[in-house]
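The values are calculated or read from the model by the stated rules, or taken from the named source; none is laboratory data. Note that the structure is predicted; figures quoted are calculated from it, not measured. Heads up, the Cβs are rebuilt from the backbone with ideal geometry, glycines too, and the neighbour counts pull from every protein chain shown.
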Amino acid sequence: MSYHFNEIEAKWQKYWAENQTFKAENISDKPKFYVLDMFPYPSGAGLHVGHPLGYIASDIYARYKRHKGFNVMHPQGYDSFGLPAEQYAIQTGQHPAVTTEANIKTYRKQLDQIGFSFDWSREVRTSDPNYYKWTQWIFIQLFNSWYNKTSDKAEDIKSLIAVFEKEGNATINAAADDDIQSFTASEWKNFSEIKQQEILLQYRLTFLSETEVNWCPALGTVLANDEIVNGVSERGGHTVVRKKMKQWSMRITAYAQRLLDGLQKIDWPQPLKDSQTYWIGRSEGAMVSFDVIASEIAPSQTHKISVFTTRPDTIFGVSFMTLAPEHELVSKITTDAQKAAVEAYIKATAKRSELERMADVKTISGVFTGAYALHPFSGKKAPIWIGDYVLAGYGTGAVMAVPCGDERDYAFAKHFDLDIPNIFESVDISQEAHTDKEGTKIANSDFLNGLPYKKAMKTIIYEIEKRGLGYGKINYRLRDAVFSRQRYWGEPFPVYYKNGLPQMIDKQYLPIVLPEVEKYLPTEDGKPPLGNATTWAWNTNTNKVVSNDLVTLSGVEGSQKDNGIYPLELNTMPGWAGSSQYFNRYMDPQNNDDIFSKEAVNYWQDVDLYIGGSEHATGHLLYSRFWQKFMFDKGLVPQDEYAKKLINQGMITGISLFITKYSLCDKPETIPYEGNGKIVLANSDYDHNDSIDLAIVQVNDKSYGLICEYVYHVPVNLAMGNRIYIENLKLLLDTDRRFENIEIEQVLWDGEDKNGKYVSLRSEVEKMSKSKYNVVNPDQICIDYGADSLRMFEMFLGPLEQSKPWKTSGISGVHSFLKKMWKLYHSDTDGAFYVSEEEATKEELKTLHKTIKKVEEDIANFSFNTSVSTFMIAVNELTALHCNKRAILEPLAIIIEPYAPHIAEELWEKLGHSDSVSTADFPVFEAKYLVESSKVYPVSFNGKMRFTIELSLDLSKEEIEKAVMAHEKTQEQLQGRTPKKVIVVPGKIVNIVG
RNA sequence: GCUCGAGUGGCGGAAUUGGUAGACGCGCUGGAUUCAAAAUCCAGUUUCUUCGGAAGUGUGGGUUCGAUUCCCACCUCGAGUACCA
């Protein structure tokens with residue numbers, strides 16, 4: 001019987017499902033181990049071979065940990081809210097829920113086919129009301145909390161109210177909005193209910209505010225910064241404009257420092273930590289205010305410019321100030337003489353799009369306001385300029401310019417011929433600014449003279465604070481996260497509005513289920529898609545969602561009788577809402593009373609291994625850490641970091657194939673044009689190195705003109721290696737709708753082989769995508785080679801964390817390895833399973849134990865690729881030894897199970913076991929079988945002689961010495977001399993002192 | 001520009017703290033088996049060579065008895081980021 005992988009795999013997949021082999025219990029005597037994958041968004045295109053890479057790696061790890069005696073939880077689910085299903089709904093009218101359900105079915109089928117050990121009883125879907133009930137619940141918890149900077153944690157809003165009632169807000173040290181008025185306890189008590197609620201909203205961890213957002217008119221939605229790529233929307237590539245809107249925000253900035261500190265204790269890839277650190281962007285410095293010298297236009301008014309600086313120690317080097325063109329003071333301080341120039345400049349910068357401002361980094365521009373600031377220490381006059389290198393959104397939108405110590409200030413000063421005072425001891429600044437902090441002392445700076453950076457910083461901040469000019473401050477780049485989306489297919493907010501103020505709906509009435517709508521687009525008057533819903537109001541008497549018709553104006557105006565029915569929030573939550581706590585919900589996914597039970601979360605604690613892509617570095621992986629810390633503050637979870645270890649798997653790229661233009665046709669003129677649109681298939685030119693393979697040329701009467709360029713991808717499944725046979729190419733050109741109107745007169749071929757005439761193709765590594773015709777589907781691989789081959793091959797491709805191109809041709813290697821292993825225990829003639837009960841020889845045991853050791857090390861290091869090689873070597877050696885012994889096969893089946901579980905189960909069963917191999921203990925290697933030999937490499941003899949030896953684990957120092965001395969090469973080197981001393985360094989080097 | 005990562009045969013990639021570079025696989029070449037093909041098996045496959053050897057891990061230096069590995073400078077590629085005061 002040969003290796004019928006299709007039958008074997010189907011059989012065991014069925015067995016696992018029926019026996020719930022991988023179901024993890026929440027109560028166990030075993031130690032827990034939680035292996036998590038980033039759950040997929042179920043897209044319409046289905047899985048391609050790149051998707052399972054991380055899942056295979058985590059599955060190997062999960063299966064390995066089961067062998068090592070852990071109670072392993074390895075769940076999977078779907079991040080099923082998202083824009084593609086909504087856009088599909090807009091195009092076709094099909095409800096996103098229907099699209100999503102269909103896509104999930106496809107995904108599940110594909111995932112099952114690969115033989116993952118997921119515990120499907122724990123599946124979650126973010127779009128399932130039973131799941132998003134808890135997303136809504138967390139939102140309410142955030143709303144009902146404020147951040148106490150003194151205790152450095154989130155607290156219930158009630159504790160804030162208690163303080164307000166007792167002592168007003170003067171003593172409160174909270175993460176809150178910037179523009180909060182101060183009030184006393186009695187003032188608080190006299191505020192109206194509405195006023196009080198408005199104030200509280202400024203402190204809540206999720207709050208409503210007018211924020212400048214990235215509005216995408218084409219999508220009718222607001223996008224987060226990380227959803228915009230190069231100034232256009234990540235999906236669709238539509239233009240994005242800045243616009244002010246009332247939005248829900250999350251006060252993630254309250255956690256900036258803790259998000260930074262938390263990175264210290266988690267084992268995540270350094271590049272990922274770096275990018276989060278940069279994203280949070282902590283900078284230490286000081287706030288300093290400069291008085292504007294009363295100018296002739298407003299001599300009675302006094303103005304102050306506050307600046308944030310990371311280099312207060314260089315304050316004596318200030319020779320001018322720069323304000324962002326949008327800075328509110330600009331209009332107030334500009335002199336009449338400069339008014340025209342300033343206004344023209346502001347107008348010009350406002351016109352420049354974000355894109356232009358980004359692309360054009362080198363141009364220096366700015367304009368003098370005519371006003372001067374008074375240097376708080378030297379008393380000198382510093383001209384105030386405006387320049388677009390200063391951003392309104394960062395710091396205070398103003399900088400104190402220190403040209404000798406900052407590159408941009410330096411360039412600005414040079415360009416406008418401004419003063420560049422040098423405040424560094426023996427440093428030449430005639431060519432460039434001196435930006436190094438350490439190693440230089442300050443000069444020309446009064447009381448700072450002669451001080452190094454650190455001391456100067458301390459001294460100046462002390463002076464600034466003493467003189468009331470400002471204070472030391474830590475600034476973060478991180479901004480609060482906008483949490484509203486103008487979309488249909490997302491979590492609805494558990495919020496209704498009364499008197500224009502948001503009200504939370506009580507937990508017992510959750511979930512607030514997404515309403516049905518006729519149209520998925522924003523309404524004609526610009527409301528989000530939920531504005532189309534007719535049943536979308538909250539009845540506070542019945543606590544039910546009711547028709548909007550019943551909403552009276554009373555709720556807003558208070559002029560009519562209040563009927564208790566109020567409008568519900570029309571926005572929905574963003575994509576990252578659902579993914580910010582899913583890893584905890586897996587612990588207890590069916591719980592209807594709580595997000596998860598105390599018992600479950602106390603048992604599972606946190607994720608031991610999280611595998612996913614690095615593209616989520618500053619999105620999901622930051623937001624989820626924020627929510628976790630909040631949950632921790634509320635005492636809901638025992639850990640404030642949810643994933644101890646994280647691995648970023650690399651991307652599997654596809655190899656795209658292109659037709660080179662020369663092979664497709666000889667001259668453009670030889671191809672006739674037919675049909676609508678006057679298009680003909682032709683070459684753009686005859687340069688072989690040109691990246692344009694094919695051009696579509698418009699015919700004007702008889703003249704040919706190039707109208708657009710077109711790179712013509714050949715579907716990878718039609719090609720044979722880097723060739724496409726002419727029959728296939730003709731078939732392709734005939735059926736491809738891109739060539740509907742094109743008649744191909746002739747196709748030239750590059751050569752001919754046993755399969756016929758062919759055209760050579762050029763290849764390039766690109767991201768796998770439908771539009772590039774380079775997608776390789778795992779289903780077909782499973783049918784042709786089996787899931788075990790797919791699993792092993794994906795690991796064999798290269799290091800897990802590296803991105804690498806897919807090459808289907810290589811799969812035959814791992815496939816024939818599995819066949820070889822099968823053959824080892826099956827008769828050539830009748831195919832019967834045959835295992836010998838004889839004792840294994842020392843040689844066979846050596847192979848086995850070597851393999852066990854190596855595989856275990858590889859798994860610990862996540863180098864699954866080398867494990868596959870190790871298995872191959874083992875089977876080759878066993879084949880050479882004709883070994884078909886139980887003593888070898890039994891442990892072999894266990895150690896190969898994480899990689900190739902189906903064949904392992906089959907062999908295990910044939911060995912007479914009635915249980916799943918996945919529950920077997922991982923075998924222990926024995927050092928005594930690892931003895932290679934004592935290889936000795938003598939190097940030289942000049943007083944000291946060193947040897948490199950390959951140590952065997954069971955050799956003692958004395959034995960090594962003996963082996964070294966007895967070695968012929970040692971004797972050769974010694975040439976009869978007698979060494980005084982032989983020093984053996986365990987592990988590596990032997991020194992022989994002459 | 002900055003930050004991080006990486007450069008090893010025709011290709012993907014091995015080489016644990018410095019110790020026989022090129023494991024393993026693909027591809028290629030030759031052979032066996034076969035009416036033939038597939039499949040399978042065996043041998044070879046870094047380069048040059050006067051067949052003794054010699055050179056060789058992006059380039060140039062350095063440390064060392066010994067460097068793919070450590071240090072310095074440079075080159076190339078990839079990823080991230082975008083004027084952060």
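Of the numbered criteria (1) more than 9 Å from RNA strand B (Cβ to nearest atom); (2) farther than 29 Å from A:Ile783 by Cβ, the one A:His826 fails is (2).
So, A:Ala893, is that one more than 10 Å from RNA strand B (Cβ to nearest atom), part of a helix (DSSP H, G or I), buried (at least 21 other Cβ atoms within 10 Å of the Cβ) and not hydroxyl-bearing (Ser, Thr, Tyr) or not?
yes
Note on region A:266-293: residues that are of a type in the set (A, V, I, L, M, F, W, C) and more than 12 Å from RNA strand B (Cβ to nearest atom) total 5. Return a yes/no flag: does region A:234-244 have any residue that is within 19 Å of the chain's Cα centre (by Cα), within 16 Å of RNA strand B (Cβ to nearest atom) and either modelled with pLDDT under 90 or hydroxyl-bearing (Ser, Thr, Tyr) (or both). Yes; the residues of region A:234-244 include at least one that is within 19 Å of the chain's Cα centre (by Cα), within 16 Å of RNA strand B (Cβ to nearest atom) and either modelled with pLDDT under 90 or hydroxyl-bearing (Ser, Thr, Tyr) (or both).
Residue count for region A:493-549 under the criterion of being more than 26 Å from A:Gln197 (Cα to Cα) and assigned to a loop (DSSP other than H, G, I, E, B): the result is 18. If you go through region A:585-644 and keep only what is within 20 Å of A:Asp480 (Cα to Cα), of a type in the set (Phe, Trp, Tyr) and buried (at least 21 other Cβ atoms within 10 Å of the Cβ), you end up with A:Tyr623, A:Phe626, A:Trp627, A:Phe630. Only a single item in (1) modelled with pLDDT of 75 or more; (2) under 30 Å from A:Lys770 (Cβ atoms) is not met by A:Glu599, and it is number (2).
Looking across A:Ala840, A:Ala860, A:Ala874, one residue alone is farther than 25 Å from A:Glu909 by Cα and more than 9 Å from RNA strand B (Cβ to nearest atom). It is A:Ala860. Residue-level check: of (1) surrounded by fewer than 24 Cβ atoms within 10 Å (Cβ to Cβ); (2) closer than 29 Å to A:Met795 by Cα; (3) of a type outside the set (S, T, N, Q), A:Ala97 misses just (2). Where residues in region A:32-60 are at pLDDT 95 or above and surrounded by fewer than 23 Cβ atoms within 10 Å (Cβ to Cβ), which of them is farthest from the chain's Cα centre (by Cα)? In this case the residue turns out to be A:Lys32. Scanning region A:835-851 for residues that are over 45 Å from the mean Cα position of the chain (by Cα), of a type outside the set (D, E, K, R) and within 16 Å of A:Tyr825 (Cα to Cα) yields A:Val835, A:Ser836, A:Ala840.
Whether any residue in region A:608-626 is part of a strand (DSSP E or B) and among the hydroxyl-bearing types (Ser, Thr, Tyr) is what I want to check.
yes
Within region A:843-852, one or more residues are near RNA strand B (Cβ under 10 Å from one of its atoms), in contact (Cβ under 8 Å) with a residue 24 or more places away in the chain and either part of a helix (DSSP H, G or I) or on the phi > 0 side of the Ramachandran plot (or both).
For every residue, the table says whether it meets (1) within 23 Å of the chain's Cα centre (by Cα); (2) in a loop (DSSP other than H, G, I, E, B).
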{"residue": "A:Ser80", "(1), (2)": "yes, yes"}
{"residue": "A:Ala89", "(1), (2)": "no, no"}
{"residue": "A:Thr106", "(1), (2)": "no, no"}
{"residue": "A:Leu111", "(1), (2)": "yes, no"}
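Against the definition (aliphatic (A, V, I, L, M), more than 16 Å from RNA strand B (Cβ to nearest atom) and in a loop (DSSP other than H, G, I, E, B)), how does A:Ile420 come out, yes or no? So A:Ile420 does not fit the description; no. Does A:Lys466 qualify as being modelled with pLDDT under 90 and more than 28 Å from A:Leu200 (Cβ to Cβ)? It is false that A:Lys466 is modelled with pLDDT under 90 and more than 28 Å from A:Leu200 (Cβ to Cβ). Against the condition crowded, with 23+ Cβ neighbours inside 10 Å and farther than 18 Å from A:Thr847 by Cβ, how does A:Ile888 come out, does it pass? For A:Ile888, the condition - crowded, with 23+ Cβ neighbours inside 10 Å and farther than 18 Å from A:Thr847 by Cβ - is not met.
Rundown of residues vs (1) buried (at least 22 other Cβ atoms within 10 Å of the Cβ); (2) out of contact with any helix residue (DSSP H, G or I) (no Cβ under 9 Å at 6 or more places or on another chain); (3) farther than 30 Å from A:Pro96 by Cβ, yes/no style:
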site: A:Ile460; (1), (2), (3): yes, no, yes
site: A:Leu469; (1), (2), (3): no, no, yes
site: A:Ile474; (1), (2), (3): no, no, yes
site: A:Glu491; (1), (2), (3): yes, no, no
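Selection over region A:797-808 of residues that are near RNA strand B (Cβ under 7 Å from one of its atoms) and within 17 Å of A:Cys782 (Cβ to Cβ) gives a count of 1. Residues in region A:519-557 that are modelled with pLDDT of 90 or more, surrounded by fewer than 16 Cβ atoms within 10 Å (Cβ to Cβ) and β-branched (Val, Ile, Thr) were compared, and the one that is farthest from A:Pro574 (Cα to Cα) is A:Thr542.
Limited to region A:149-164, what total is found for residues that are assigned to a loop (DSSP other than H, G, I, E, B) and either without any contact (Cβ under 8 Å) to a residue 12 or more places away in the chain or under 13 Å from A:Arg258 (Cα atoms) (or both)? Result for region A:149-164: 3. Looking at region A:568-577, is at least one residue small (Gly, Ala, Ser), under 36 Å from the mean Cα position of the chain (by Cα) and in a loop (DSSP other than H, G, I, E, B)? No, that holds for no residue. If you filter region A:618-637 down to residues that are of a type in the set (D, E, K, R) and touching a strand residue (DSSP E or B) at 6+ places or on another chain (Cβ under 7 Å), you find that the one that is farthest from A:Ser275 (Cα to Cα) is A:Lys634.
Could you check, for region A:395-412, whether at least one of its residues is away from RNA strand B (no atom under 12 Å from the Cβ), surrounded by 16 or more Cβ atoms within 10 Å (Cβ to Cβ) and under 30 Å from A:Glu326 (Cβ atoms)? Yes, region A:395-412 contains a residue that is away from RNA strand B (no atom under 12 Å from the Cβ), surrounded by 16 or more Cβ atoms within 10 Å (Cβ to Cβ) and under 30 Å from A:Glu326 (Cβ atoms). Residues of region A:611-658 that are more than 16 Å from RNA strand B (Cβ to nearest atom) and among the charged types (D, E, K, R): A:Arg625, A:Lys629, A:Asp633, A:Lys634, A:Asp640, A:Glu641, A:Lys644, A:Lys645. Residues in region A:13-25 that are out of contact with any Lys or Arg (no Cβ under 9 Å at 6 or more places or on another chain) and touching a residue at least 12 places away in the same chain (Cβ under 8 Å): A:Gln13, A:Tyr15, A:Trp16, A:Ala17, A:Asn19, A:Gln20, A:Thr21, A:Glu25. The set of residues from region A:58-76 being touching a strand residue (DSSP E or B) at 6+ places or on another chain (Cβ under 6 Å) and not hydroxyl-bearing (Ser, Thr, Tyr) comprises A:Ala62, A:Lys65, A:Arg66, A:Phe70, A:Asn71, A:Val72, A:Met73, A:His74. Considered as a group, the residues in region A:423-462 that are charged (D, E, K, R) and under 41 Å from the mean Cα position of the chain (by Cα) include one that is farthest from RNA strand B (Cβ to nearest atom), and that residue is A:Lys455.
Looking across region A:298-354, the residues that are within 13 Å of RNA strand B (Cβ to nearest atom), of a type in the set (A, V, I, L, M) and modelled with pLDDT under 85 come down to A:Ala348, A:Ala350.
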